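Every number here is computed from the coordinates shown, using simple stated rules; none is lab data. Every value quoted in this text rests on a predicted model; they were computed, and no experiment measured them. Cβ placement follows ideal geometry from the backbone for every residue including glycine, while neighbour counts extend to all protein chains displayed.
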């Protein structure tokens, strides 16, 4: 990643409160184009809450999140939905594929939601699936593929529309170590190739070690790795 890459996502003194409880405490960070940022921490540390604040899924209680010059908190629901649909991608621990769609249709879903014609969307989906070694399962349903294959499909779906940022919540947490290493490698290579930034949260130090920038979260507070 070039040190001169522009910032695409900036958080300034972000807090998230649930009543008297504070899940995220005055967190500030920036993410540059093509950068991989990892946030590690124990369960309950606030790292997933932070991720969803950065993605505009959870409204912040204080502070601001900026994406490409826009304050997420100033966007209405329709604008936020469009942003998450067109400029963001998401990878979850268990893939969250739609069971009634084929692998290829699941992958093409972001393009279809953006209005792309079905034939064109499926063709692009096939190309991305091919890059991830999934040609042979493109017509299968999610229930008919392995856990590692399912998570590759989730990666393909998250990256197919070339988003500015992909938010990944424990993206390899449901996989054994061999599959986790392979999926993570493919995920980060494809993201880097198209200049997509990745913000991932994980409890796995080996996953975090692949990031350009690493933070540790504890009790809602974010600290650069090594500064604890």
Legend entry - Geometric extent, Cα atoms of the range 1-85 - Rg, Dmax (angstrom): 13.1, 41
Inset, instruction - Nearest 5 is fine: what % of DSSP beta bridges in the chain come out antiparallel, could you say? - result: 50 percent
Inset, instruction - Per residue, how big is the convex hull around the C-alpha atoms of the range 97-147? Give it to me in cubic angstrom, could you? - result: 72 Å³
Inset, instruction - Equivalent ellipsoid semi-axes for the range 130-228, as square roots of 5 times the alpha carbon gyration tensor eigenvalues: give them largest first, rounded to whole Å. - result: 27, 15, 11
Legend entry - Protection proxy ranking of 197-209, 149-161 - average other beta-carbon atoms within 10 Å, highest first: 149-161, 197-209
Inset, instruction - Show me 22-29, 176-183 ranked by packing, highest mean number of other Cβ atoms within 10 Å first. - result: 22-29, 176-183
Inset, instruction - Could you tell me how many degrees, from 0 to 90 and to the nearest 10, lie between the Cα long axis of helix 177-193 and the main elongation axis, the longest principal axis, of the Cα atoms of the chain? - result: 90 degrees
Legend entry - Residue order, fewest to most surrounding Cβ atoms within 10 angstrom, among 215, 52, 94: 94, 52, 215
Inset, instruction - Kindly express, to the nearest 10 degrees and within the range 0 to 90, the angle between helix 77-86's C-alpha long axis and the longest C-alpha principal axis of the chain. - result: 50 degrees
Legend entry - Sites residue 62 and residue 96 - FRET efficiency at Förster radius 25 Å, r taken between beta-carbons, to 0.05: 0.25
Inset, instruction - Mind grabbing the base-10 log of I(q)/I(0) for the range 50-147 at q = 0.20, 0.22, 0.25 Å⁻¹? Debye formula, identical points on the C-alpha positions, no solvent, two decimal places. - result: -1.01, -1.10, -1.26
Inset, instruction - Determine the relative contact order of the chain: mean sequence separation of Cα pairs under 8 Å and six or more apart, normalised by residue count, in whole percent. - result: 30 percent
Inset, instruction - May I ask for the angle, rounded to the nearest 10°, between helix 118-131 and the longest principal axis of the chain, with both axes built from Cα atoms and the value confined to 0 to 90°? - result: 80 degrees
Legend entry - Sorted by Cβ neighbour density within 10 Å, fewest at the top, the residues 192, 13: 13, 192
Legend entry - Projected area averaged over orientations for the range 27-66, convex hull of C-alpha atoms, nm²: 3.2 nm²
Inset, instruction - Note the full-extension length gain between residue 123 and residue 135 as 0.36 nm times their separation in residues minus their Cα-Cα distance, in nm to one decimal. - result: 3.1 nm
Legend entry - In nm, spacing of pseudo-spin labels at residue 43 and residue 71 (7 Å Cα→C-beta vector): 3.7 nm
Legend entry - Paramagnetic label zone (point 7 Å from Cα along Cα-to-C-beta, residue 206; backbone N under 18 Å) in the range 179-197: 179-189
